[in-house]
Every structure is written in C-alpha cells, then in structure tokens.
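*Asks:* Before I ask anything, let me first share the structure, which is written out below as structure tokens.
None of the figures in this text is laboratory data; all of them are computed from the coordinates on show. In this text the structure is predicted, and so the values were computed from the model without any measurement. Because the Cβ atoms are built from the backbone with ideal geometry, glycine has one as well, and the counts that use them run over all protein chains shown.
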Amino acid sequence: MVSLKGKTVFITGVTSGIGKSCTYAFAKEGANLVISARRINLVNEIADDISKKYGVNVHPIKLDVSKRDEVNKAVDSLPAEFKKIDLLINNAGLGRGLNKFYEDNPDGWEEMIDTNVKGLLYVTNAILPQMVERKSGHIINIGSIAGREAYPKGAVYCATKHAVDAITRSLRMDLVDKNIRVSTIDPGLVETGFSKVRFYGDEEKAKNAYKGLKPLTGEDIAEAVVFTATRSEHFNVAQMILFPTNQASTTIFHRED
Ligand SMILES: NC(=O)c1ccc[n+]([C@@H]2O[C@H](COP(=O)([O-])OP(=O)(O)OC[C@H]3O[C@@H](n4cnc5c(N)ncnc54)[C@H](OP(=O)(O)O)[C@@H]3O)[C@@H](O)[C@H]2O)c1
C-alpha cells in the first residue's frame, strides 16, 4: 500500500454523495486536496471541516466542469502548492430523467452529455499534460454499471457512461508508456443525491429507487477509490464494478416488500 500523505488530489463534484465521501476519505489518508463543485458555499464548508478534522491543506474552488474556459482558468490559477496534481478523480456527473427516449426531454440530454462526457474531458485535458511531462500520475473516473450495460429509459445516461468507459480504455492505451494509471470505478445503485437530481427534486420517486434493498453508500465507493489509489505504482486497478448484494445487473434487483 502506497501512502497518500502529502500527495495532491483534485476531486470534482464534492458537495454530495460519492465525491463528498471521497473528499473525507482522502483527507483521512493525509492527502492535500483541491475540491470543486458549482455550489461554492458547500465546497467551502467541506474545506473548513476537513482542514480542521484532518489538518490537511485544502483549496476549495467553484467549478462547473461543463464550461471549458472555467475549467482551464481554474487549473491555470491554482496556487503554487496545489499546482502539481498527483491524482485526479473525475466524479462530477448526473442523470436527468428516466423516460422512454421518444418521451424524454432533450434539455436533460444536453446536461448529461455536457457534464458526464465533456466535463470529464475538459478537466482531464487541463490536468493531464503536467502528468505526461512528469511521467507520473493517476486518473480515476467514476463511471457506472450503466457504462457496461444499457437499460430501458436510460439511453442518454447510459451513452454518457459508455463514453466514460471508452475514454478510460483509450486513454490507458495513449498513456501506456507514460507511467500514468487510468482507472474506472463503476458502481451500481448508490444512495446519494443522484436520484433526487435525476427526478428533478421529486423526493418520492427518488426514494423508490432504493426501496426494499440496501444500496451502496458513498463511503463504500470511496473505500474502493482509496484502494485503487493506494496500490503500488506498477499496479493499476483498471476497472472495478461495485454492486449492492441485491443487485445483479442494471435491471435485476431483489427487493423485499
Ligand atoms: N448514485 C448512483 O447510484 C451512481 C451509480 C453509478 C455512478 N454514479 C456516478 O457517480 C458520480 C457522482 O454522483 P453521486 O451519485 O454522488 O450524485 P450526487 O450526490 O448528486 O453528487 C453529484 C455531484 O456532482 C456535482 N456536479 C453535478 N454537475 C456538475 C457540474 N456541471 N460541474 C461540477 N460539479 C457538478 C454536484 O455538485 P454541484 O451541484 O454543487 O455542482 C455533486 O457534488 C456521477 O458521475 C454519477 O454518474 C452514481
């Protein structure tokens, strides 16, 4: 196991769910953090809390990953002590709607493609050159089981996560001689803010997604991300699928009444 003490980790989408859990888990390991999301008040609160609790250096930034100029500016203007990024965790993402394609709202498609695909590309593009130059670094993408199997009413979300999978695989090929690891962690059902966002704030529909089974938690995913990040340099966890025990595929669940 390799120590994360003093390493700098850049995480997107830290104000909720998996990203928030990763932030606490990496701070606990002693990593210094650049943490980002759009809701800057929440990012700042988390930054204060983890620097108090774990004594690590934290740089909070307001960042919408879907805005290329904003991403480039944010990375270019990092303070000197946070400029060298050892690990990038591309976590920011969302689902919008769960409808048959022909009944779905294309506005949600734009949001998902802009965030889950273009956002991941923009952040990676801004940070990767320094890793290539140094011949060291690690990128961990939060994909999804939806990137392995399509499911009904999820054409565009599944397409974005298939894109994350393709980008991860292709990047690994491009970086094979650069000593840079690229990994993807692909969860099934995790109880986070995801469903509430997907159903545009409808609490009832969001709760139903987790009804009758014990979903994974953000902490479960963070555990896998920390495991991936702390292997020796020669050891790349290329892909990992994480399911709750009562899930067997994107569509097969066992739910108790
Ligand atoms: N929950 C699941 O069942 C599940 C399963 C598989 C994969 N995933 C993936 O896990 C990742 C995290 O989702 P989650 O489940 O933790 O959901 P969540 O609780 O809703 O958290 C999503 C995070 O992404 C941020 N975000 C959304 N759009 C953004 C943008 N344009 N720019 C920057 N940050 C943005 C949000 O922050 P702001 O709103 O403050 O910007 C929030 O912090 C996503 O990529 C999701 O696709 C989730």
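*Asks:* Take the residues of region 29-55 that are crowded, with 16+ Cβ neighbours inside 10 Å and of a type in the set (Val, Ile, Thr): which is farthest from ASN91 (Cα to Cα)?
*Replies:* ILE50
*Asks:* Which of the residues that make up region 192-243 are assigned to a strand (DSSP E or B), touching a residue at least 60 places away in the same chain (Cβ under 8 Å) and more than 18 Å from ARG172 (Cβ to Cβ)? Talk me through it step by step, then tell me what you get.
*Replies:* Within region 192-243, the subset assigned to a strand (DSSP E or B) is 216-217, 239-242.
Okay, now just the ones that are also touching a residue at least 60 places away in the same chain (Cβ under 8 Å), so 217, 239, 241.
Residue satisfying the conditions is THR217 alone.
*Asks:* Here's something else I'd like to know. Take region 101-117 and flag every residue that is among the acidic types (Asp, Glu), under 17 Å from ALA163 (Cα atoms) and in contact (Cβ under 8 Å) with a residue 12 or more places away in the chain. Write out each step before concluding.
*Replies:* Within region 101-117, the subset among the acidic types (Asp, Glu) is 103-104, 107, 110-111, 114.
The next check asks that each one be under 17 Å from ALA163 (Cα atoms); those that pass are 110-111, 114.
Within region 101-117, GLU111, ASP114 meet the criteria.
*Asks:* State which residue pairs qualify: first residue more than 14 Å from THR8 (Cβ to Cβ) and inside region 67-85, second residue in a loop (DSSP other than H, G, I, E, B) in any location, beta carbons under 6 Å apart, and separation of 6 or more residues or different chains.
*Replies:* Between residues of region 67-85 that are more than 14 Å from THR8 (Cβ to Cβ) and residues that are in a loop (DSSP other than H, G, I, E, B), the close pairs are GLU70/ASP64; ALA74/LEU63.
*Asks:* From the list MET173, MET240, exactly one residue is surrounded by fewer than 20 Cβ atoms within 10 Å (Cβ to Cβ) and within 20 Å of the chain's Cα centre (by Cα). Which is it? Give the steps one after another, and end with the answer.
*Replies:* Working: MET173 fails: within 20 Å of the chain's Cα centre (by Cα).
That would be MET240, the only listed residue that is surrounded by fewer than 20 Cβ atoms within 10 Å (Cβ to Cβ) and within 20 Å of the chain's Cα centre (by Cα).
*Asks:* Related question: Quick test for you: out of SER3, SER21, pick the one residue that is hydroxyl-bearing (Ser, Thr, Tyr), exposed (fewer than 15 other Cβ atoms within 10 Å of the Cβ) and within 19 Å of SER183 (Cα to Cα). Before you say what the answer is, go through the steps one by one.
*Replies:* On the way: SER21 fails: exposed (fewer than 15 other Cβ atoms within 10 Å of the Cβ).
Answer to the selection: SER3.
*Asks:* Taking region 1-49 on its own, how many of its residues are among the aliphatic types (A, V, I, L, M), touching a residue at least 24 places away in the same chain (Cβ under 8 Å) and either within 9 Å of the ligand (Cβ to nearest atom) or not in a loop (DSSP other than H, G, I, E, B) (or both)? Walk me through it before giving the result.
*Replies:* Our first condition is that a residue be among the aliphatic types (A, V, I, L, M); within region 1-49, this holds for 1-2, 4, 9, 11, 14, 18, 25, 27, 31, 33-35, 37, 40, 42-43, 46-47.
The next check asks that each one be touching a residue at least 24 places away in the same chain (Cβ under 8 Å); those that pass are 1-2, 4, 9, 11, 14, 18, 25, 27, 31, 33-35, 37, 42-43, 46.
Filter again for either within 9 Å of the ligand (Cβ to nearest atom) or not in a loop (DSSP other than H, G, I, E, B) (or both), leaving 9, 11, 14, 18, 25, 27, 33-35, 37, 42-43, 46.
Residues flagged as among the aliphatic types (A, V, I, L, M), touching a residue at least 24 places away in the same chain (Cβ under 8 Å) and either within 9 Å of the ligand (Cβ to nearest atom) or not in a loop (DSSP other than H, G, I, E, B) (or both) within region 1-49 amount to 13.
*Asks:* Buried (at least 20 other Cβ atoms within 10 Å of the Cβ), assigned to a helix (DSSP H, G or I), β-branched (Val, Ile, Thr) and more than 14 Å from the ligand (Cβ to nearest atom): does that describe ILE127?
*Replies:* Values: buried (at least 20 other Cβ atoms within 10 Å of the Cβ): yes; assigned to a helix (DSSP H, G or I): yes; β-branched (Val, Ile, Thr): yes; more than 14 Å from the ligand (Cβ to nearest atom): yes.
In short, yes.
*Asks:* So which residues in region 88-107 are more than 9 Å from the ligand (Cβ to nearest atom), outside any loop (DSSP other than H, G, I, E, B) and under 19 Å from the mean Cα position of the chain (by Cα), if there are any at all?
*Replies:* Applying the first criterion (more than 9 Å from the ligand (Cβ to nearest atom)) to region 88-107 yields 88-89, 96-107.
If we keep only those that are outside any loop (DSSP other than H, G, I, E, B) too, we end up with 88-89, 101-103, 106-107.
Of everything in region 88-107, those that are more than 9 Å from the ligand (Cβ to nearest atom), outside any loop (DSSP other than H, G, I, E, B) and under 19 Å from the mean Cα position of the chain (by Cα) turn out to be LEU88, ILE89.
*Asks:* Among the residues that make up region 197-209, is at least one of them under 26 Å from LEU33 (Cβ atoms) and buried (at least 17 other Cβ atoms within 10 Å of the Cβ)? Can you show your working first?
*Replies:* First, pick out the residues of region 197-209 that are under 26 Å from LEU33 (Cβ atoms): 197.
The next check asks that each one be buried (at least 17 other Cβ atoms within 10 Å of the Cβ); those that pass are 197.
Checked against the condition, which is being under 26 Å from LEU33 (Cβ atoms) and buried (at least 17 other Cβ atoms within 10 Å of the Cβ), region 197-209 yields at least one hit.
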